Amino acid sequence: MRVTKRSVLQGLTASVALLNMPSIVLRAADAEPTHLRHGEILPDPDFSLLRRTTPFVVGIRPHRKGGVHLELENEPIPSRFGPKFLIHNYGHGGAGITLSFGCASVVADHVRMLMRDMHRRRTHPSVAVIGSGVIGLTVAAELRRRWRKLPIAMYTKELDVRKTTSYIAGGQFGPSGIGAEYETEEEQNVLADYMRRSSRRIIELQNSSRAHSYGIALRRDYTLDHRNPAYDYYTPTDVIPPYRFGTLPFKKLNTMGREYRTWLINPIILLPRLVAELKRSGVPFRVRRFENKTDFAELRENIIVNCTGYGAKAIMGDDKMVARRGHLVVLRKTHPKQFYFFSGGCWNGRIMYLFCRQNDIVVGGTVQRGNESEAITEADEAAFERILSNARAMFDGRLVDCVAV
């Protein structure tokens, strides 16, 4: 049997319940603990204070087997308006916000090449971006940033970005859930390139003092002391540095753990900001639905960027697309020092994460493969309660009380 990185990771995941708890106990007993915040105790969330509006959220992560589909098709689409050049950019799974800026940069490189060819043929380039989630919006924003006069139009099934999957995402920077799709060294280099490009754009925004207006903030991400593949295996250390080890900075959750440094990219702030900037720069937003690839031929633009997320499964007939449904509970913030992440899960391998954002706190912990329903059922209500129960148990220091969600 061929041994792949994915099979190794699957084995690690299966054994995490046996390995993690003993390692926590032994390290705490054998080593003098180093306090990760020099003894400062960070305030716990109040798990009884739900957000006043829509505190329970379900979303569909557009996961794709084999990783992100980001490429320029070799053959243009024939059309009565002339050939259409199609660039795909979809299938980012739970890492859409993380990879969005980087993948937008790659798309812009493809557009530059096409523009050169068109100018040689005395053809005027124009771009249609299909999809108004974070992937489509960052593509349009990057194209506008590079070419102020390039005609760009957004096509979307819904003008309200609050109804996109991206808007209800947590906002952690990290290749969550998609890293294992990049098995070979060559594939891992591709993923690393996306992440480096994204981080460069984020740092540019930070250096221009505009990061806060895009919902971007540095975050310390705390975890239990166990393997975290998204950071440890799939993120270059020049993007997210290696973790620090020490005592977690919470009142009861004070076992030994890890501290990573990453970013919050809050979609509730980012998406409306991008929409407003694009509209100010003359980019129109048009409502249009596409049933299949041939519908693209009816557009007048000659460069089409397909950022349709999970919709690409039907439009492109892409059977590699897999729905990964997730639940979030949104809490109110109660303290200005609630500016941390906890994505370390439970000691027994159960998923549990908590992201303190600018104005709220999101708690999650589910992945339902193949379920593409956005309707909330009684079973979902039970899942929300178990997510909160697990989070309470963790911050109460009851690590063994996490249950399956």
List the number of the failed condition for residue 324; all other conditions in (1) basic (Lys, Arg); (2) closer than 16 Å to residue 49 by Cα; (3) open to solvent by less than 50 Å² (accessible area, probe 1.4 Å) hold. (2)
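When you check residue 156 against the structure, is it open to solvent by 50 Å² or more (accessible area, probe 1.4 Å) and either polar (S, T, N, Q) or touching a Leu at 6+ places or on another chain (Cβ under 8 Å) (or both), yes or no?
In short, no.
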Of the residues that make up the range 206-222, is at least one open to solvent by less than 50 Å² (accessible area, probe 1.4 Å), at pLDDT 95 or above and part of a loop (DSSP other than H, G, I, E, B)? yes
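Just one of 387, 376, 303, 361 is in contact with a helix residue (DSSP H, G or I) (Cβ under 7 Å, 6 or more places away or on another chain) and not acidic (Asp, Glu); which is it?
Values: 387 fails: in contact with a helix residue (DSSP H, G or I) (Cβ under 7 Å, 6 or more places away or on another chain); 376 fails: in contact with a helix residue (DSSP H, G or I) (Cβ under 7 Å, 6 or more places away or on another chain); 361 fails: in contact with a helix residue (DSSP H, G or I) (Cβ under 7 Å, 6 or more places away or on another chain).
The conditions single out 303.
Quick one: which of 178, 203 is of a type in the set (A, V, I, L, M) and either within 18 Å of residue 141 (Cα to Cα) or in contact with a Ser or Thr (Cβ under 6 Å, 6 or more places away or on another chain) (or both)?
Details: 178 fails: either within 18 Å of residue 141 (Cα to Cα) or in contact with a Ser or Thr (Cβ under 6 Å, 6 or more places away or on another chain) (or both).
So the residue among 178, 203 that is of a type in the set (A, V, I, L, M) and either within 18 Å of residue 141 (Cα to Cα) or in contact with a Ser or Thr (Cβ under 6 Å, 6 or more places away or on another chain) (or both) is 203.
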Please verify whether residue 51 is of a type in the set (Lys, Arg), at pLDDT 90 or above and closer than 24 Å to residue 334 by Cα, treating the condition exactly as stated. yes
Among the β-branched types (Val, Ile, Thr), closer than 30 Å to residue 149 by Cα and open to solvent by 50 Å² or more (accessible area, probe 1.4 Å): does that describe residue 287? yes
Of the conditions (1) out of contact with any Lys or Arg (no Cβ under 8 Å at 6 or more places or on another chain); (2) at pLDDT below 95, residue 369 fails just one. Which one is it? (1)
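Let me confirm something: among 143, 137, 150, which residue is modelled with pLDDT of 95 or more and in contact with a Pro (Cβ under 8 Å, 6 or more places away or on another chain)? I'd like the intermediate steps shown before the answer.
On the way: 143 fails: in contact with a Pro (Cβ under 8 Å, 6 or more places away or on another chain); 137 fails: in contact with a Pro (Cβ under 8 Å, 6 or more places away or on another chain).
Going through 143, 137, 150 in turn, the sole match is 150.
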Of all strands (runs of 3 or more DSSP E) completely enclosed by the range 66-138, which ones contain at least 2 residues that are open to solvent by less than 10 Å² (accessible area, probe 1.4 Å)? 85-90, 127-130
Hey, among 234, 310, which residue is part of a helix (DSSP H, G or I) and open to solvent by 10 Å² or more (accessible area, probe 1.4 Å)? 310
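For the range 238-249, check the following and say yes or no: at least one residue is within 22 Å of residue 144 (Cα to Cα), touching a helix residue (DSSP H, G or I) at 6+ places or on another chain (Cβ under 6 Å) and either outside any strand (DSSP E or B) or touching a residue at least 60 places away in the same chain (Cβ under 8 Å) (or both). Break it down stepwise before answering.
Residues of the range 238-249 that are within 22 Å of residue 144 (Cα to Cα), as a first pass: none.
The answer is no; no qualifying residue exists.
The values are calculated or read from the model by the stated rules, or taken from the named source; none is laboratory data. From a predicted model like this one, the values you see are computed outputs, not experimental measurements. A quick note on method: Cβ atoms are made from the backbone with ideal geometry, for glycine too, and the neighbour counts reach across all protein chains shown. Areas reflect the complete protein model, heavy atoms only, side chains present, ligands, DNA and RNA absent. Shrake-Rupley method; radii C 1.70, N 1.55, O 1.52, S 1.80 Å.
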